[in-house]
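Enquirer: Okay, handing you the structure first.
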Amino acid sequence: MDLSPLRKLVVPVLLLLAGVLFRQRIVELYTVYSQLFEWLPYATLVITLLLCAFFNNSRLFTTALAMLLVYFLIQTQLQTALTDDHSLVIYTAMGLAMPVTMLLLQFVTERGLNNAYGFLVVGIIPVQACLVMALLYLLPVADTVTTINSNLPIKPASGYVLSVTASACYLIAATTALYRLIRKNDESTAALIAALMFSYVTLAFFDLPRISTIMFSAAGISMIISILKSSYNMAFRDDLTGLLGRRALNDRMKGLGRQYVIAMVDVDHFKKFNDTYGHDIGDDVLKMVGKKIEAVQGGGTAYRYGGEEFCILFPGKTLDECIPFLEVVRKSVENHKMTVRNVKQRPKKAETAVERRGRRTSNRGEKSVSVTVSIGVAERNEKVNQTEQVMKAADDALYQAKEGGRNCVRLAAGH
């Protein structure tokens, strides 16, 4: 299982650790900068809402709205001890509502804010708020508190405030979110996990001074960073392969030094493969090749250049240093076997496809195939010293690799 998507949680975890480690110092500063600290969570979460509205993201908008509402309730309704009946009911409701909301949002399909579906997603928060209000004003508070104390008692351990049931809800939501993050590698899911983390620490250790202000400020900062990373990925990453795209390559080439190597990589006979097996299988091939190229060692960075063509950039390297790593990539692609079914064997009717799903795959025209790549490489030198020239030299070398039988690495002329 590929655990690399967990790297998206590095920033939230660092912010969480910083908040915990420097909490006492922040509490000491609070007397001087009280207004700044109290309003910081509001500011960061409102900025998050504005960014979500700008980028049309309903899931993160709803998450930020939930965090904003919880922080508002903490500041306005929970500044008394939880022995107060009113405070206990609100605290318990928040402890259950937050993980349930985060769990629901994980299964929401992102379709933007500016439509009926988006309004329905955001409506999760006011609906929950109305339910809590009904709980407070329509039911006898004494009966509600008795029920809470019997079934959802808080402070199950010294220094730990959140009830066992609410803690279990957080655990279920966090486990589900981590699984989905690993499967989907989605920045929005990472932001949901961050919201879970910060709200959990706040409610679990609710007796600590200023814990909500510190954690919710960190939550807002973390979500802003997630949104900015998502916008960067939209602009600079290729949707299909997940690799950096041509715009990112052009940006990177502006700041290269005097020593670098460029390798152009092309999938051999890709058009024929696409025509034989269909565009869906062709997309799978590009994803596979992209993953193999992304794993290149030696300091190389992989980019999708366009179509079935990729580029690997080695800053500060020489040809002799890069060739062994390019050979590893080439062999890795060549040795990868894919099981595909000929497009002519696929059922034309959707009903037939559904009936066949899950049955044995024998006699369906399936076979194991592999693809290869050709690679052209060029290095900056005194004669070829402009990035455009080096790129052109690598492209010419790629053409020579194609002419020379494919599935090989060729150096640019004069190298």
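Computed from the coordinates by the stated procedures, all read-outs in this text should not be read as laboratory data. Worth saying up front: this structure is predicted, and the values here are computed from it rather than measured. Quick reminder, even Gly has a Cβ in these numbers, built from the backbone with ideal geometry, and neighbours come from all protein chains shown.
Enquirer: Defining a contact as two alpha carbons under 8 Å apart and six or more residues distant in sequence, what relative contact order in percent does the stretch 4-236 show?
Expert: This gives 33 percent for the stretch 4-236.
Enquirer: Then there's this: Could you put ASP84, ASP207 in order, starting from the residue whose Cβ has the fewest other Cβ atoms within 10 Å?
Expert: Going from least to most buried by this count: ASP207, ASP84.
Enquirer: Which of rounded, prolate or oblate describes the stretch 55-178 when judged by the alpha-carbon gyration tensor and an a/c cut-off of 1.5?
Expert: Verdict is prolate for the stretch 55-178.
Enquirer: Compute the distance in nm between two label points, each set 7 Å from the Cα along the Cα-to-Cβ direction, one at PHE107 and one at SER231.
Expert: 3.2
Enquirer: To continue, here is another question. Would you kindly derive the ³J(HN,Hα) couplings of the stretch 270-283 from the backbone phi angles with the Karplus curve 6.51 cos²θ - 1.76 cosθ + 1.60 (θ = phi - 60°), listing them in order in whole Hz, with x for Gly and Pro?
Expert: 5, 4, 5, 4, 4, 5, 6, 10, x, 5, 4, 5, x, 5
Enquirer: Would you mind checking the tilt of helix 34-55 against the longest principal axis of the Cα atoms of the chain, expressed as 0 to 90 degrees and rounded to 10?
Expert: 50
Enquirer: Please give, to one decimal in nm, the separation of the simple spin-label points placed at LYS367 and GLU403, each 7 Å out from Cα toward the Cβ.
Expert: 3.2
Enquirer: Of LYS184/LYS331; LYS272/LYS392; LYS291/LYS367; LYS292/LYS367; LYS8/LYS392; LYS184/LYS392, which ones are farther than 30 Å apart at the Cα?
Expert: LYS8/LYS392; LYS184/LYS392
Enquirer: A further question on this structure: Suppose R0 equals 45 Å; then what is the FRET efficiency for LEU21 and LYS337 from their Cβ-Cβ distance, rounded to the nearest 0.05?
Expert: After rounding to 0.05, the efficiency reads 0.35.
Enquirer: Which whole number in µm²/s is D for the chain by Stokes-Einstein, with the Kirkwood Rh taken over Cα pairs at 20 °C and 1.002 mPa s?
Expert: 85
Enquirer: For the stretch 4-236, what is Rg from Cα atoms divided by 2.2 N^0.38 Å, rounded to two decimals?
Expert: Here the Cα radius of gyration is 1.00 times the empirical estimate.
Enquirer: Continuing with the same structure: Can you give me the long-range amide H partners of TYR260? Hydrogens built in the peptide plane at 1.01 Å from N, cutoff under 5 Å, separation of 5 or more residues or another chain.
Expert: GLY316, LYS317, ARG380
Enquirer: Multiply the residue gap between ALA53 and THR165 by 0.36 nm, knock off their C-alpha separation, and tell me the result in nm, one decimal place.
Expert: Length gained between ALA53 and THR165: 36.9 nm.
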